[in-house]
Structures are given as structure tokens and as C-alpha cells.
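Okay, structure first, notes after.
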Amino acid sequence: MHTALRFRPVRFSACLLLGMGLISPLRGQEASAVFIDASAPVAAPKPVEAQLGTAKRPDGETLTVNSQYLVLNGKPWLPVMGEFHYSRYPEQEWETEILKMKAAGVQIVATYIFWIHHEEVEGQFDWSGQRDLRHFVDLCAKHGLYVYPRIGPWAHGEVRNGGLPDWVVKNGPTRRNDPAYLAEVQTLYSQIGEQLKGTLWKDGGPVIGIQLENEYHETGPGAGAEHIEKLKQLAVAAGLDVPLYTITGWDGAAVPLGAALPVFGGYPAAPWSREPGPMRPSEVYAFRFANRVAGNMGTIGGSGQNASAAYRGTPFLTAEVGGGIEDTYFRRPVLTADDIAAMAPVMIGSGANLLGFYMFHGGRNPEGRLSTLQESQLTGYPTDVPVKSYDFQAPLGEFGEERESLKRLKLMNYFLNDFGSQLAPMQVYSPSQQPSSPSDLAVPRVAARADAEHAFVFFNNYVRNLAMPPRADFQVHLKLGRETVNIPSRPIEVPPGAYGIWPVNMDIGGYKLVYSTAQPFKLFRSKGDSYYFFFGIPDIASELAVAGTQKPSSVSNGVSTNVRDGVTYFKLTETAQREEITLGEAGHSVHLIVMPRAEAENLWNVDGNLNGSNHLLLTAAQFYSDNDRLYFHSDGNPDFAFSLFGEPAHVEAKSPLKREEAGLFTNYSAHLEPVSFHVDPVLIKQAGMRGPLQYGPPVSWSKGLAPIAPNDEDFKKTAAVWQIKVPTHCPEDVSNVFLKIDYRGDVARLYSGDRLSGDRLLDDNFWNGNVWQLGLKEIGAEAAGGTLQLSILPLPASYPMYLERAATNPSAAANASGLKGATLVPQYQLVVDLKK
């Protein structure tokens, strides 16, 4: 996890943005009572128009899709998909990172296949090492994850030419039915088909779908829907016969509904914009009832005309819900965990039946044979991104760091893993009063998904960089087919920043949960008992209402019980500790366990095979598992603690483990031998004076000009340079060493070698106020004899770039440019085996 510099986070008040005309005025609290009529019958799903591929595997498993949701083996399926670009990560680390994604609840791994990464030189394909697509797919299959390749040929992903090799661009027209271009694409698709041979769903493999093209809105002869249909034909001819074919549906997209299904998304910030200050509130924090795209996903570079007719009769699937965002040279946002996690209930509450995060895992661009693979204004893109880094502030960073956002998103992922089949067939219902726009902060943001008798209520009182108003006397009046349910039974206050999901009339092991103001996120079964885990939404009292007046078998001390009108209400009087309510007798009882959110984020599913049963595990450490082997990582702290719940198991580790029985969980702890690393950067070249910034050409869809990112020559002339010695070997219990560089400036680069200019660019960073963290496990092997060169280019005395977390005084920021400090932090690893 990155460590932030001690700058005050930028939070724009409602008054400030009101004065700027960016938000609607507040209208008081009269809208805090929300009315939703969900009594209309749910429409039956219909077949989709798209002609899709083989849906049945040799073992009889099936994957199909209807107009509303995906269907896996005859049951509704609402999966979680996470993007991870294999060619941007060292292949020797793929398996570990795939296991981390699985531990976080990801079920489908999406990945771009960047043409320029594989055929930079015409006729010379490279599928080896870090570009070995087949090996990556096989590893996903080994660990039970599905794969969704995004085959382009234009993919984007902040890669030059959208991933088209330079020679393809030079050869003639692209992204249309030009015969020469189609022949080149057919060669690419045939290569991909050969790599994926035997791994497709129809072969019993993990590849369940193919995305064609990306962000496509070309028009004219041989373009538009006609071109997408042709790409589909070429893919099928190359052997890519899969259950699902998709294409991105935003950006004025051309969507041939007979050939592919549209997918959607949205991001918490728009760093591609050239706006020099705060932007309007993003649509990703407002429910979408009339359209699946709006705002920054609907108008960039295109008409933004995405009326419902453009995706009629198709399910609402997403592929690019922002798991982070890439810094650009001009705009450098810094995201919080809530910036990312608050989008998820909004997307699902808007009807999304596939939650696809882009990115879920960051990375670094591979080496090019002819040049860097950077996307920039000089290569025709409207802005500049780093040459190497594609960290994306993702839940798993470019060096595999587990960030706070990963644990926050894991709560939603686990919820969908265990309860998504109930949710997928439910229809979306909107309140009687809705916000007039994403800038309207006066009206509560609420949605419901329901069938005739059951529902989930979604609410969001969080908007990035805005102080939202509290919702006093908040209560949802939900009309179902045969009754109206008030959630909660008595009004409450929803605080600023709160968001979540409340179940209504949920079946919990034969009991009816009328509602809960704690959010369910995990279902676990052991010895005939069912354990439903909930987490308390911060600053909202947790209350669970269960139909009937039967006394519970047991209730923990922090729970009060009240019976009214045939309903038993369990209210937590303590919000900072775990509480449990047990209904029924042992062997077939139902346990309702409510955790503080911070503790719930530390609950992990252990995907083991011991005794045919999984386990649950609590730990504050970073965690993943491989069958019955558990891996714990801790940055800088050699002390580990974890708690295990499930079938009895013998727990072994190389380090001595202390064991203690503690109710539901069994506690374990271990202490590893501490190690320390010293780093002493040596200044070998002072910074020079920055020259005037150069600006790129204008674009039609955004105001102003954007400065061009510094190039190699700028660094040679102006950057300050330090030499850094780093360890080349680690003790057995240290899985990685992180180099943390605390600096202030414009751009920093890290090179290998001991020459002044460095031998080879390893990574780069646009300064955004965070400490720059690099994993030596990934880059250490590339350092020449453990020697690195750090180059920092100072900020100009006056700069137009929008730095969200920079010091408020630009001249002070410029004067303070330079290296503030560097540290080496060991990442300790504890490996534990579960045995019978």
C-alpha cells in the first residue's frame, strides 16, 4: 500500500461548487423519505438477438445469456471480473497475483491482448516469457478462474496506437473493412486462436468470452457496425468460438446487436480531461435508471448518443468500472478506497449483472524492441501517460501491493459470489423522486432491485471530493407485490459518505430477514449450520429484523432484542465489536454475525480442499491461499496474527505458532526474525533550471492545451540524479523489499546501472503527492549489481498541471523539489499449511 505524504486531502465543499455552478442547491431534508414502487411484476427474460458461440462444455456445464442476466449451469450468475494485463507483469509472478485476485473474490480475469506487444516488428510474433498468453490462461484455469480475452485489434489500455503496431498504422487505413488491414487482423486473430486452442469453454477450458475492438465509434463505408460484424467473422474463423462476444457500449459506440453484447463502465475521475481544476461530480456515484452510459463515459470523443434502443434486449454488463485511474501528465488525481468502492453498489443497484473492474491489478509496460510502447501526445493521443508505469492506483498495484481498496471491494465481491444468484433476476426500480443530475446533492440517491417478494435496497451518500449532506429522518418505503416494507422500521440519519446495500425479505436458512441495516457479504456453512456474515455500515446503527417471535438460541451481550407486531428486532448497542445472533438448534441453526466494517475487511475465504471443506480466516495481513497452503504478507512488521474458522485442521508453519481458542475462531500468532535494510542515496548531479513547457495540439472534445511530458533529453539536461544501492538477495522469510521514495517534483525515473544517465529505464512516476513505492523483487533483478539511478525532474516555477494533493502554494512546491528521503521496507512472509 502506498504511504501518503502529509498533505491535507482536497475536499471541495458543497458551497464552493455551488458557487462555481457545478452542483445543484440543497433543498433541505424533505426528500429523506424515499418511496419506491416495486410492485410491478418482473418481466420474464427473453433470448438475446446476438448470435453467440458454443454454450456447452464436454463435461455438460453450460454458460448462456438472456436479455437480463448470465446463466451458469441453469442458474442466474452475477460474477465479478477483474482486469490484469499479463504482458505488463513478470511471468514468474503471475500465479501469485492470480491467487491474490481469487482471494479477493474475482471469478473472471479479463486481459487485453496488445498487438504491439506481440508483433512490434511485422511478421515476428513473440508469445514467450512475459508475453506467453497460453501460460497465463493455463494458470487461471489451474486455480479455477475464468478468462475473458479482449483481443482488439484496437484495444487502447493506454498503449501506443491503441495497441496497433506502428507498421500497421503506416500501412494504410485501420479500424475499417480495408482489405489490407483485415488481412493483417486475420493473421493476429489466427495467432491468438492458436495460443488459445484447447482453452476455450467448448473444449472444457476457462475462456468464456471474447471482446472485439474497444471504444469504437467510427462511421462511413466499411466502418461502424459493419466493421464489428466483420471482426466477429474473422474471430470465429480463427477458431475463437465462445459463449460470449462483447464490445464496449460507450463513446457513441457502434453496437451490432446481432453479433455482440455491449458492456459498460465508468470512472471516478477523468484524467484525460484538460480541465485545469475540479470537475463536476462524476455520474458513477448516481444511479442510472434511463441510460447505461452518461458523463465521462458517454461523450469523450464521440456523440454520446446511447439511447436505450442501442442496447435493447441485452443484459447490463460492465467491463470497466474503475478499480483505479491512471495519472496523466496534465491531471493527477489521487483516489481513496471509498472513491472506488462507492461505485460498486451504484452500478449493481442500476441493474449491472456483471461487475467488471478496470484495472484490478496494475503493471509496467514491457520493453519494446524498437522503442518504448508509451502513449503520448507525440504519438497521437490527447494526453501523456508514463513510459513504464501502469499502476492505475489499482486494488493490486503494479508490484502486487494489496491496497485498502482491495479489502473494501472484497466485501462487494464476496456478496456477489454468495448472493448474486438471488440478485441477478431482480428488476431495477427507481424512487418516486430522483436527483435531477449527478450534481444534484439534495435528493437521496437510492435504488431497489426486487422480485415479487424479495429485494435489495441500494443507497449512496458519497461523491468523490464533495462533502455530502446528512440525510435526516431517512427511511425507504418499498412497495412489493403483497406488502410495503419500511426500511428501517423507524427513520434514521444516513451520514455523509455512507453507502451500502440492505436486504429485504431475504431467506436466511428458512428464516425471513425482513431487513437489515447491516450489509450481508458472506455465507459459510459448517456441520449443518449456516453462518451469515454482515458488516456494519460506519455511523449507521446495525439492526436486523427477523419475521416471527421465536426467541433466539443465543444473543451476544452487545445486542438488544425487541418484539413488535410479529417481528423480532435485533439492534447492536456496540458498533466497534463483533456480535452474533443464533437462531435454531445446533446442526441446523442459523448464525447472524455482524462485524465492524474494518474487521469484515480482514475476513478471507480460504479456498482449500481439506476434508472437502473451505475455511474462513481473519487477519490484518495481506493474504492469499493455494489449496491448503496459506500465505501471509506484512510490510515492515514481522509479527503475524490470524484466526481460523471451519473444519478442525492441524496448522503447521516453519516458525513456531501460538494457538488460542476464542469462540467462533481459533487464534494463531507467529513472530519472524526481524531484518533491516539501509539505503543512503548519494546525490551525483544537481537539478538544472526547467525550460518552458511545450504544449500539444488542441482536441475537439476538451478545452485548453495540455503540456507535453518531459522526454529523455529533458532528464539529461535538467534532472537531479541520485545513486542508490539496494540488496540483491533477501532472507527466506522476506518475500519482497519495497523501495519507498519520498520526493517532490514533476516526474521521477528509476534506471539500472551506475552511470550518470543509467543503463535502462525501469520505472517512472508522475508526482501526485504520494510516496513512490517500487518492489525490488520485480525490478531488483534488472538492477546492475544492485545499483539504481534515481532522476527527479523539478516542477517548473509555474505549472498548469492539476495536482490534487500538491501543496497549495505552487512556488513553494517548486522550491521544495527534490528527494526528501528513501527507505527500504521488507515484506515478511509467513507460510502456513492446513493438514488433516
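Here are the numbers for this structure:
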quantity: The range 424-484, dipole about Cα centre (Lys/Arg Cβ +1, Asp/Glu Cβ -1), debye to the nearest 20; calculated: 140
quantity: Value at 222 nm in deg cm²/dmol, rounded to 500, when DSSP H runs of n ≥ 4 in the chain each add -39,500 (n - 2.57); calculated: -4000 deg cm²/dmol
quantity: The range 349-355 - phi-based ³J(HN,Hα) in whole Hz, Karplus 6.51/-1.76/1.60, Gly and Pro as x; calculated: x, 7, x, 4, 10, 8, 9
quantity: The chain: DSSP helices with Cα axial extent of at least 27 Å and average Kyte-Doolittle hydropathy no lower than -0.5; calculated: 404-423
quantity: For peptides 654-664, 519-529, sequence by mean Cβ density within 10 Å, most packed first; calculated: 519-529, 654-664
quantity: Magnitude of the charge dipole, the chain, Cβ model with Lys/Arg +1 and Asp/Glu -1, debye to 20; calculated: 1300
quantity: Förster radius 60 Å - calculated FRET efficiency between residue 717 and residue 39, Cβ distance, rounded to 0.05; calculated: 0.30
quantity: Positive-end residue of 253, 676, 492, charge dipole of the chain with Cβ unit charges; calculated: 492
quantity: Packing-based ranking, highest mean first, of 628-636, 124-132 given that Cβ atoms within 10 Å are counted; calculated: 628-636, 124-132
quantity: FRET efficiency, 1/(1 + (r/R0)^6) with R0 51 Å, evaluated for residue 92 and residue 797 via beta carbons; calculated: 0.70
quantity: Within the range 542-567, backbone nitrogen closer than 19 Å to the virtual label 7 Å beyond the Cα of residue 512 toward Cβ; calculated: 544-552, 562-567
quantity: Listed residues 140, 439, 60: farthest to the positive end of the dipole of the chain (Cβ charges); calculated: 439
quantity: J(HN,Hα) series, the range 426-434, from Karplus relation 6.51 cos²θ - 1.76 cosθ + 1.60, nearest Hz, glycine and proline x; calculated: 6, 8, 7, 10, 9, x, 5, 10, 10
quantity: Inter-centroid distance (Cα atoms) of the range 655-710 relative to the range 90-119, Å; calculated: 21
quantity: Fully extended contour minus Cα-Cα distance, from residue 527 to residue 169, at 0.36 nm per residue; calculated: 122.7 nm
quantity: Order by protection proxy (mean Cβ within 10 Å, highest first), peptides 251-262, 370-381; calculated: 251-262, 370-381
quantity: D (Stokes-Einstein, µm²/s), Kirkwood Cα radius, the range 207-252, 0.890 mPa s at 25 °C; calculated: 218
quantity: Convex hull projection area averaged over all views, the chain, Cα basis, nm²; calculated: 33.5
quantity: Kirkwood-Stokes translational diffusion coefficient of the range 201-283, alpha-carbon pairs, 20 °C, 1.002 mPa s, µm²/s; calculated: 145
quantity: Longest to shortest principal axis, alpha-carbon extents of the range 274-427, angstrom; calculated: 51, 37, 33
quantity: Segment residue 473-residue 652, extension gain: residue separation times 0.36 nm, minus the distance between their alpha carbons; calculated: 59.2 nm
quantity: Debye, to nearest 20: dipole size of the range 218-371, +1 on Lys, Arg Cβ, -1 on Asp, Glu Cβ; calculated: 100
quantity: Computed over the range 463-562, Kirkwood Rh from alpha-carbon pairs, angstrom; calculated: 15.3
quantity: Charge-dipole axis of the chain as Lys and Arg at +1 and Asp and Glu at -1 on Cβ define it, positive-most pick from 121, 235, 795; calculated: 795
quantity: Antiparallel DSSP beta bridges within the chain, percent to nearest 5; calculated: 75
quantity: Sparse-neighbourhood loop sites, GluC sites (Glu not before Pro) in the range 445-533 - DSSP loop, at most 11 other Cβ within 10 angstrom; calculated: 483
quantity: Gain in span if fully extended, residue 820 to residue 627, counting 0.36 nm per residue against the direct Cα distance; calculated: 65.2 nm
quantity: Calculated on alpha-carbon atoms, Rg and Dmax of the range 132-183 in Å; calculated: 14.8, 42
quantity: Over the range 101-259 - Rg/Rh using Cα atoms and the Kirkwood inverse-distance radius; calculated: 0.95
quantity: Percent accessible area from carbon and sulfur atoms, the range 425-513, protein chains only, probe 1.4 Å; calculated: 48
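The values are calculated or read from the model by the stated rules, or taken from the named source; none is laboratory data. As the structure is a computational prediction, the values presented were derived from the model and not from experiment. Here the Cβ is made from the backbone with ideal geometry for all residues, glycine too, and neighbour counts use every protein chain on show. The accessibility values were calculated without ligands, DNA or RNA, using every heavy atom of the protein model including side chains. Shrake-Rupley method; radii C 1.70, N 1.55, O 1.52, S 1.80 Å.
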